[in-house]
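Data block below; observations after.
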Amino acid sequence: MELQASAGMYTHIDGAHSRVTLGSGMIGRIAMERQPQLANLSDGSATFSDPEWARGEGIVAFAGYPLHVEDRLVGVMAVFARHPLTEFTIEALASVAHEISLGVERKRAEGALRTTGQTLQALVQASPLAINVLDRNGIVTMWNPACERIFGWSAQEVLGRPNPTVPEEEQESSRRLFKESLEGRMFTNLELRRWKKDGSPLDISLSTAPLYDVNDNLVASMAIIADIGDRKRVEQFRKEYLHNISHDLRNPLSVILGQAYLLEELALIGKVSGQARKRGQAIVKAAQRMDAMIQDLVDSVRLEEGQLPLERRPVDLDHFVNDVLERAAPALGGRMVRSTLRAGLPPVLADADQLERVFMNLLTNALKYSSPETEVHVTAREVDDEVLVSVSDFGQGMAAEDLTQIFERFYRGKKVRKARGLGLGLYIVKMLVEAHGGRIWAESELGKGSTFHFTLPLARQPVSF
């Protein structure tokens, strides 16, 4: 404990006596036992921790009282006297102990609040994110240095005035947003367009939070703003680049396919040899693979940006899986895929076309990396409010380091580096599953095979065929 105040003949609060160990001396014992104490030299009950000081000052008596708020000790009040003390002194201390305890607690709370306020102020001032506060009338009451840097207006120019960053065409939507924030609603990562002082547009990500006073009255709205201009420019460049690449690759590809189809037709009517027909078919297959890779590139970007629309409807998985396996039999090369879905499985909510893409990718991978004589198993069961689907093979399996990265973009496992494709298949599968609100993960053991699990949300309405 530390001495906080002293009055009477001894008023300084520094020195050796300013710190007391819990349980040490009369004050320390009061703190530990939380009981008042009265001691006089005349009856032998007073034992001062510094007898020489007591003799020098003529101290012959001591009285102390614990200070606590509810069951929490906040201090000890003590009296040292040059004359004997009686129980009346303890009663007098008791009569003021509660008020003094509250005062000590209030002072401590005020100090903690002041420290917290200073810490928060320092964080706001040092934050790389723009932070401003608008009162209920829409007047700016806080404008941190990041606001000055991002928008160009100084705090002196903005404080006490309406927010100057909202362009004319966004005024109405901004007023609605501000009104809802004053009703207690919080917004996260809203992407908006604002203006800088020099008149140039600025793309921002906005999050808001309501601010309340001590009486729980909503008095202001705080905005936290990130400049996302660089990210937007990169995204736009990527879109344009991918569009151009896709367009530039598909144009010559369509010519190659056209010529290959023509070669096949000429072979059918005897204009060219059968060998030429086989070459034409090889060209068609290679061109189709390239077209699929281009489509994977395009779709991966669309999925990342949430731009691949999903038409989700209730899907009966048992019927769906059997239908996919029947139609895909030629593409699966006659390999055995066994479907054992649990009876009475409820329908899932999914885009059937994209779900087929997920299944086909997992099935072709399973068949590609397992022996021709082994089967691939598809199972599904209901778990809570989801359906858990599993695709298992009995192939070569994956190393632990591959297992942690197989869903990453362009990743190729160490044993499959020479396989065809871009390494986007499982990445797209993961994005599609997550776009449906599900999860996907894999389990594998080298030499024993792999199992890919993914979940789909249950549908809340029946399936119609």
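The values are calculated or read from the model by the stated rules, or taken from the named source; none is laboratory data. Only a predicted model underlies this, so the values are computations on that prediction, with no experimental measurement involved. All Cβ positions, even for glycine, are placed from backbone atoms using ideal geometry, and neighbour counts span all protein chains on display. The protein model used for the area step is the full one, side chains on, heavy atoms only, and it has no ligands, DNA or RNA in it. Shrake-Rupley method; radii C 1.70, N 1.55, O 1.52, S 1.80 Å.
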Any residue in the stretch 339-367 that is at negative phi sitting within a Cβ distance under 6 Å of a residue that is among the hydroxyl-bearing types (Ser, Thr, Tyr) and outside any helix (DSSP H, G or I)? List the pairs, counting only those 6 or more apart or interchain.
340/379
Suppose we filter 270, 274 for residues that are on the phi > 0 side of the Ramachandran plot and either modelled with pLDDT under 75 or in contact with a Gly (Cβ under 6 Å, 6 or more places away or on another chain) (or both); which single one remains?
270
With the condition kept exactly as written, say whether any residue in the stretch 254-265 is surrounded by 15 or more Cβ atoms within 10 Å (Cβ to Cβ) and either without any contact (Cβ under 8 Å) to a residue 12 or more places away in the chain or more than 52 Å from the chain's Cα centre (by Cα) (or both).
yes
Which residue is nearest to the chain's Cα centre (by Cα), if the candidates are limited to the stretch 314-331 and must be of a type outside the set (Val, Ile, Thr) and under 20 Å from residue 388 (Cβ atoms)?
314
Between 69, 96, which is touching an Asp or Glu at 6+ places or on another chain (Cβ under 7 Å), within 29 Å of residue 34 (Cα to Cα) and surrounded by 11 or more Cβ atoms within 10 Å (Cβ to Cβ)?
69
Restricting to the stretch 54-66, what's the tally of residues that are within 17 Å of residue 23 (Cα to Cα) and either among the aromatic types (Phe, Trp, Tyr) or open to solvent by 40 Å² or more (accessible area, probe 1.4 Å) (or both)?
2
Go through (1) open to solvent by 50 Å² or more (accessible area, probe 1.4 Å); (2) touching a strand residue (DSSP E or B) at 6+ places or on another chain (Cβ under 7 Å); (3) without any contact (Cβ under 8 Å) to a residue 24 or more places away in the chain and name the single condition residue 176 misses.
(2)
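Table: residues versus (1) out of contact with any Ser or Thr (no Cβ under 8 Å at 6 or more places or on another chain); (2) under 24 Å from residue 296 (Cβ atoms).
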| position | (1), (2) |
| --- | --- |
| 355 | yes, yes |
| 375 | yes, no |
| 387 | no, no |
| 391 | no, yes |
| 397 | no, no |
| 426 | yes, yes |
Residue pairs, Cβ under 6 Å, 6 or more apart or interchain, first in the stretch 79-102 and touching a residue at least 12 places away in the same chain (Cβ under 8 Å), second of a type in the set (Ser, Thr, Tyr) and part of a helix (DSSP H, G or I). List them.
84/42
Mind telling me which of the residues 288, 295 ends up being part of a helix (DSSP H, G or I), modelled with pLDDT under 85 and over 36 Å from the mean Cα position of the chain (by Cα)?
288
If you go through 114, 82, 108, the only one that is closer than 18 Å to residue 31 by Cβ and open to solvent by 90 Å² or more (accessible area, probe 1.4 Å) is 108
Residue list for the stretch 118-160, filter: in a loop (DSSP other than H, G, I, E, B) and among the basic types (Lys, Arg):
136
Residue that is among the charged types (D, E, K, R), open to solvent by 60 Å² or more (accessible area, probe 1.4 Å) and either more than 21 Å from residue 444 (Cβ to Cβ) or modelled with pLDDT of 90 or more (or both), where the choices are 318, 351:
318
Among the residues of the stretch 78-93, is any modelled with pLDDT of 80 or more and within 30 Å of residue 214 (Cβ to Cβ)?
no
Of all residues in the stretch 415-444, how many are open to solvent by 90 Å² or more (accessible area, probe 1.4 Å) and either in contact with a Phe, Trp or Tyr (Cβ under 6 Å, 6 or more places away or on another chain) or at pLDDT 90 or above (or both)?
2
Given (1) under 29 Å from the mean Cα position of the chain (by Cα); (2) at pLDDT 80 or above; (3) surrounded by fewer than 17 Cβ atoms within 10 Å (Cβ to Cβ), number of the condition residue 371 does not satisfy
(1)
Take the stretch 227-251 and flag every residue that is under 25 Å from the mean Cα position of the chain (by Cα) and open to solvent by less than 30 Å² (accessible area, probe 1.4 Å).
228, 229
